[in-house]
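Taken together, the values in this text are just the output of simple stated rules run on the coordinates, not laboratory data. Treat the numbers as computed from the prediction; the structure is a model and nothing was measured. Please note: Cβ atoms are built from the backbone with ideal geometry, for glycine as well, and neighbour counts cover all protein chains shown.
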Amino acid sequence: MKKLLIFCVIAATFWACKDEAPVRYTTTSAEIDQVKAMISEYEKADWEAWMSHFADTAEVFQNSVNSVSAAEALTAHKAGLANVSDYGFRKDDQFTEMILDDLGDTWVYFWGTWEGTLSANGMKLEVPVHLAFQFEDNKVVKEHGFWDNHPMQVAVSEAMAASETEGDK
């Protein structure tokens, strides 16, 4: 009995002294809440609020290996949205998670389906989107965005060709 008691005390001591590893993956965090807010602000075209999440030195990579500033990314977003009458992300298939990678960097990943309606002809577009945001001190310091621009380019080209054909009549 004495040996069992000593064993239990030693085991409890080791158990109490174990290091708690940081959470590597989660679907709830302040950073995830920021990304969800950014998605909402993008959908409402609340660009001032959207920009407030970025560090001054943030690098943004949108379908490119070359980075731009957050302000340049904003200009690109606005230009891309000039051809649509409404847009947003489908609510039923969004997924967001945060990871702490092996380097200690905090990343939030977002997957969703962007939907929009082309202004020129009412054509509906659906585009799968993946976004990755690296956070430092509660600010986005790096964003990688990946989506297929081809459906939008084809739809805009077709709408322009149709309007030119009608103009010739």
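Straight-distance candidates among the aspartates and glutamates for linking to Lys91, with alpha-carbon spacing under 16 Å and chain neighbours fewer than 8 residues away dropped: Asp33, Glu41, Glu43, Glu115, Glu126. For the residue pairs Lys36/Lys78; Lys36/Lys124; Lys36/Lys142, the alpha carbons lie more than 22 Å apart in Lys36/Lys124.
Under 5 Å from the amide H of Val140 lie the amide H atoms of Phe54, Ala55, each residue being 5 or more positions distant or on a separate chain, with H modelled from the backbone and absent for Pro and chain starts. Averaging the Cα positions of each part gives two centres, and for the stretch 122-156 and the stretch 40-110 these lie 7 Å apart. Loop-resident chymotrypsin sites (Phe, Trp or Tyr not before Pro) (DSSP state other than H, G, I, E or B) in the stretch 73-102 with no more than 12 further Cβ atoms inside 10 Å of their Cβ are absent.
Using the Cβ of His77 as centre and a radius below 13 Å, the other residues enclosed give a net charge of -3, where K and R count +1 and D and E count -1.
Legend: calculated FRET efficiency, Asp105 to His150, from the Cβ-Cβ distance at R0 = 45 Å, rounded to 0.05, equals 0.90. Using a cut-off of 9 Å between beta-carbons, work out the net charge of the residues near Phe54 (Lys and Arg +1, Asp and Glu -1, Phe54 not included). For residues surrounding Phe54, the net value is -1. When the Kirkwood hydrodynamic radius is evaluated over all pairs of different C-alpha atoms of the stretch 22-168, what value in angstrom, to one decimal, is obtained? When all Cα pairs of the stretch 22-168 are included, the Kirkwood radius is 16.4 Å.
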